Amino acid sequence: MGSTISEPIRDPGTQVSPMYPHDLTGISFNDPDIYVNPHEASSMIERYSSFLELLTANTAKGMVMPPIREYAPPPPASALLMRPRDVSPEEDIFSDPVQSMRLIAVIPAYNEEPTIGTVVLQTRVHVDHVIVVDDGSNDDTARVATLAGAEVIQHPVNLGKAQALMKGFDRAKEYNPLAVVMLDADFQHNPAEIPDLVRPVLSGNADLVVGSRFLNGTNKIPTHRVLGQKTLNLVTNAGSGSKSTDTQSGFRVLGRRALVNMDFHSEGYNIESDMISHFTQRDLMIKEVPIGVSYNVTNGHKKNPISHGLDILGHIIGIVGYKRPLITFGVPGAVLTLFGAGTTIFSVTELYTGGAFHSVMFVSGITSLILGLLLVTTSLILNSLVQVMKVGK
């Protein structure tokens with residue numbers, strides 16, 4: 001503009017001294033459109049000088065915060081689908097110093113008004129953000145969770161645990177987190193154990209961390225639950241090829257690669273088994289960490305443990321039958337075939353050596369032999385179809 005400044009323009013790299021009101025005498029403006037009130041200018045310079053002196057003093061004492069760094073752009077989804085075994089620490093996303101420790105907790109809740117507030121408050125101590133998915137509750141679960149500081153997503157009707165978690169995971173992905181914690185809303189899990197579960201993911205040693213109730217020797221688990229969980233573990237591990245000690249644990253941490261690979265369909269309480277089976281097939285790294293557990297929940301369990309276990313068992317058997325037909329149909333078929341053949345031979349031998357004819361044994365043997373051969377044949381056909389589908393992919 002038309003203004004002239006008597007003082008020379010300083011280099012930006014040089015130290016700037018505070019300006020005081022008496023410096024106004026060395027400044028003149030020739031532009032008629034500019035009007036400077038000396039009193040206002042003097043007041044502004046006094047405030048600026050005081051601020052500059054305070055800033056200088058605090059900087060010398062190390063009290064000034066460092067400049068805020070912008071987050072690096074997230075890596076492409078294709079790079080997260082599978083972790084290469086030869087990746088170097090410099091190339092690993094977890095070693096990026098620009099990334100902050102962004103942790104998100106996803107909590108599915110259905111009629112958990114008595115406990116959801118405390119669970120959210122204790123979880124917020126260990127994560128940056130909490131997402132509660134209110135799965136069609138009839139009480140004040142959503143309002144209490146909101147007052148406790150959680151972001152709440154509401155389903156108009158109850159869709160089941162799997163759908164609630166999937167909705168929460170989809171929302172969590174929008175924050176580009178380093179890890180997502182999933183835990184129950186009934187206080188069965190202890191939020192104070194979150195750091196132990198998160199550590200393997202943040203260090204790059206796991207894509208999924210499962211909190212195992214059976215690795216902690218102090219847990220008091222009812223006998224019927226132990227038997228049910230062991231059965232589900234056996235079937236799930238047989239079908240997926242994993243070696244998990246607690247396939248049904250709902251206390252887990254998912255890393256970025258795990259979140260990207262949450263592209264499978266699941267229903268109800270089957271999501272824990274489906275997750276392990278799917279991630280094992282994708283060659284993701286799964287680790288377990290001991291956790292505590294409490295079954296003295298305030299609001300009671302939503303489903304009878306026996307019917308709950310039978311539902312999950314039927315679902316797992318269906319998955320195993322689809323993925324590993326030789327185990328599901330071939331093994332039982334072979335056992336029935338051997339039993340039927342042995343029983344039939346024994347009955348015929350007894351008859352021809354002058355002994356009594358065991359008609360019931362003979363009929364049972366023939367029936368077992370036929371059924372066993374059918375199962376073995378079915379397993380071979382299904383296994384051929386599975387192999388063809390794998391080649392097609």
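Read-outs: derived from the displayed coordinates by stated rules, not from any lab. Quick caveat: nothing in here was measured; it's all calculated off a predicted structure. All Cβ positions, even for glycine, are placed from backbone atoms using ideal geometry, and neighbour counts span all protein chains on display.
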inquiry  = If R₀ is 25 angstrom, what is the calculated FRET efficiency for the pair S384 and V335, using the beta carbon separation as r and rounding to 0.05?
reply    = 0.70
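Kindly state, to the nearest 0.05, the FRET efficiency for L234 paired with D170, given R0 = 30 Å and r defined as their beta-carbon distance.
Numbers: r = 32 Å, r/R0 = 1.07.
So the FRET efficiency works out to roughly 0.40.
Output the peptides 108-115, 260-267, 216-223 sorted from most to least packed, where packing is the average of other Cβ atoms within 10 Å over each peptide's residues. It would help to have the intermediate numbers written out before the result.
Details: 108-115: 22.4, 260-267: 16.6, 216-223: 10.5.
Ranking, from highest mean packing down: 108-115, 260-267, 216-223.
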Highest-first arrangement of 199-207, 182-190, 355-363, 333-341, where packing means the average Cβ count within 10 Å = 182-190, 199-207, 333-341, 355-363
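Could you list, in their original order, any pairs among K161/K287; K230/K287; K161/K230; K220/K287; K167/K220 whose Cα atoms are separated by more than 25 Å? Intermediate values should be presented prior to the final figure.
Details: K161/K287 23 Å; K230/K287 18 Å; K161/K230 22 Å; K220/K287 23 Å; K167/K220 33 Å.
From the list (K161/K287; K230/K287; K161/K230; K220/K287; K167/K220), the Cα-Cα distance tops 25 Å for K167/K220.
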remark   = With R₀ set to 22 angstrom, the calculated FRET efficiency between the beta-carbons of Y295 and L121, to the nearest 0.05, is 0.50
query = In nanometres, what is the gap between the two model label sites at N158 and I366, each 7 Å from Cα along Cα-to-Cβ?
reply = 5.1 nm
